[in-house]
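Accompanying notes for the structure given below.
The values are calculated or read from the model by the stated rules, or taken from the named source; none is laboratory data. A quick note: this is a predicted structure, and the numbers were derived from the prediction, not measured. Heads up, the Cβs are rebuilt from the backbone with ideal geometry, glycines too, and the neighbour counts pull from every protein chain shown.
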Amino acid sequence: MNIYKIRAIPKPRMTQSDKWKKRPCVLAYRKYCDDLRAMNFKINIEGFFIQFVFAVPKSVSKKERLSRLLGDARHQIRPDIDNLCKSILDALYKDDSHVWMFGAAKIWGEEDEIIVWDFDEYCYGRDFESFKCGKDEEERTIIEIED
């Protein structure tokens, strides 16, 4: 497990003009990519699980803060998890087609950080082969397609 103390930034929608226009979201994304590379951010291309931890805002009530930190309230607001993953992969690789399996989650925490596990480390003791970590045999549904 590797913990990186950095706030995750999603990949913005970019156009050709972003090469010369200096939009703040693109500049922040480029700085984030540079910071990831400077921290020597590593993922296992054979499979990894990544957890994006976002600090609970100071503006929320104590009750809501406790609820978020205990995991009762899920992180279901922006940024989107797919754009967070895309920003990591695009920062590390020009062509990320060789990454064939990963998992991701967004949670609330005390401070901003990104936690990365190798998939075999994350799924240790779980049913790794079925890609349904932690599921029992009885809980699986098998769908057969007939011709």
Based on this model, can you work out whether ALA8 counts as aliphatic (A, V, I, L, M) and without any contact (Cβ under 8 Å) to a residue 60 or more places away in the chain?
no
Return yes when SER17 is among the polar types (S, T, N, Q), at pLDDT 90 or above and farther than 21 Å from VAL99 by Cβ and no when it is not.
no
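What do you reckon, is PHE41 closer than 23 Å to GLU111 by Cβ and surrounded by 18 or more Cβ atoms within 10 Å (Cβ to Cβ)? Explain how you work it out, then say what you get.
Numbers: closer than 23 Å to GLU111 by Cβ: yes; surrounded by 18 or more Cβ atoms within 10 Å (Cβ to Cβ): no.
When the stated conditions are applied, PHE41 does not pass them.
A quick yes/no check of all residues on (1) among the hydrophobic types (A, V, I, L, M, F, W, C); (2) over 23 Å from ASP35 (Cβ atoms); (3) in contact (Cβ under 8 Å) with a residue 60 or more places away in the chain:
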position	(1), (2), (3)
VAL56	yes, no, no
SER61	no, yes, no
LEU66	yes, yes, no
LEU84	yes, no, yes
ASP95	no, no, no
ALA104	yes, no, no
Count - residues of the range 91-104 that are of a type in the set (Gly, Ala, Ser), under 26 Å from LEU27 (Cα atoms) and surrounded by 14 or more Cβ atoms within 10 Å (Cβ to Cβ)
2
Filter the range 56-81 down to the residues that are among the hydrophobic types (A, V, I, L, M, F, W, C) and surrounded by fewer than 13 Cβ atoms within 10 Å (Cβ to Cβ) and list them by number.
LEU70, ILE77
Residue count, the range 36-50 (criterion: farther than 11 Å from ILE88 by Cα and touching a helix residue (DSSP H, G or I) at 6+ places or on another chain (Cβ under 9 Å))
5
Restricting the search to the range 26-54, which residues are free of Cβ contacts under 8 Å to residues at least 40 places away in the same chain and of a type in the set (Val, Ile, Thr)?
VAL26
